[in-house]
Structure formats: structure tokens, C-alpha cells
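Before any comments, here is the structure.
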Amino acid sequence: MNNYDTDVQIIDAIKTGDPEGIKQLYHLYYKMIADMILKNSGQLEDAEDIFQDTLIALVTAIRKDGFTLSAKLSSLIYSISRNQWLYKLRGHRHGPFIPTDGFDPAAEVGQIEEKELFEERHSLIARLIDKISIECQKILKEFYFEEKALKDIGVQMNYTEGSIRVKKSRCMDSLKKLVEEDSDYQQNIKS
């Protein structure tokens, strides 16, 4: 068995029809998917079915013109399998399982990209928020993370609703400026 060292090598093998690419997917990722399904009310047969369906969806997507991998292959496989398993679980609860003929793995890639981008931005913002004033930190954390209404934040901090709205806007501008000046953010824009 060839051991492909990278996601790109595995994808290239699948594109050219080399069966070793699919064998490598089994070798690398089957246990991860089986563990996820077994921990979520599934049986070994379920894991085998879901993994097989995932591979069919993945291979179909890879062999389409214009396919590019924009996330880790493991993330893509996990996401497809997880969504198929959740769909199957819903089917057991509300009636028979309906095959996912219209399943579009390319949409999964978009969801993974969004999640990774969100996590990168969230990490950057978490690191930079300490550089703005304590008052701004409180306003932004309560508004965005605790989902409090501006009016309630204003009452709590002894500001009118209009004043707290202006303060929140200024705090966001300060945080946005820090983000835009950050070297990690600049690096991501250039790459």
C-alpha cells in the first residue's frame, strides 16, 4: 500500500482512479468516524454505512472539475459523516431514513471554511479585546457574547440608549482598528 503523506496526494490518487487513495482514506479516517457514531447511539454497521456513503460523496466531489480542497481532509470527512449521521438519526425518530441523493459535499466545504474563518477571527478578537478600554470590553462582551440589548446595557452603566449605541460603535471601531493593524490579520489577507 502506498502511503500518501498529504491530503493533496490522496486527492490526486482519487482523481486518477488509484484505489490506494481510497484505501488510505479508510486507513486514516474510518476509526475517527466509527468512534463518533458509536458514541452517538450508533452500531458498527451504521459506522460502516455512513463511512461508505461519505466516501461516495467525497469521491464524487473530488472527481468533479474544479474541485479544490479548502479545509483539512479530516475535517471534511468528519463534517460529511456527522451530517449524514445526524440526518439518519432524525430519520429514525421521525420515520424511515431517506437517502441523501441531493447531498452536496461542496456545500460542506463552505461550511467548514466559514467555521475555520470564524474560529481564526474569534481567536484574534479574544487576544486583542484586552487592548481596548475596560468599559469597551464590558459593552462589547455583554452585547455580543451575552446578547444583552443595548438599552439594558445602557441602564446598567448609567447611559441613555443613544449614548450606549454611540459608545458601542466607537468601541467596535477601536477593536476593528486593532484587528486591521494586527500582523496575523495582515498575513491572512495576503495569503
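Remarks
- For the stretch 1-93, a/c is not less than 1.5, where a ≥ b ≥ c are the root eigenvalues of the C-alpha gyration tensor, and a/b tops b/c. That puts it in the prolate class.
- Counting only lysines at least 8 places from residue 167 when in the same chain, those with an alpha carbon closer than 23 Å to its own are 131, 138, 141, 148, 151, 176, 177.
- Once the chain from residue 6 to residue 152 is taken as fully extended at 0.36 nm per residue, the excess over their C-alpha distance is 47.4 nm.
- With every protein chain in place, the stretch 1-51: carbon and sulfur % of accessible area (1.4 Å): 50
- Residue 34 sits among other residues whose Cβ lies under 13 Å from its own Cβ, and their net charge, with Lys and Arg +1 and Asp and Glu -1, is -2.
- Accessible area (Å², 1.4 Å probe, nearest 10) - residue 70: 50
- Calculated FRET value between residue 144 and residue 70, using beta carbons and R₀ = 25 Å, to 0.05: 0.40
- Local net charge near residue 52, Cβ-Cβ under 14 Å (Lys/Arg +1, Asp/Glu -1): -3
The values are calculated or read from the model by the stated rules, or taken from the named source; none is laboratory data. All of these numbers come straight from a predicted model, not from anything done at the bench. A quick note on method: Cβ atoms are made from the backbone with ideal geometry, for glycine too, and the neighbour counts reach across all protein chains shown. What goes into the accessible areas is simple: the full protein's heavy atoms, side chains included, and nothing from ligands, DNA or RNA. Shrake-Rupley method; radii C 1.70, N 1.55, O 1.52, S 1.80 Å.
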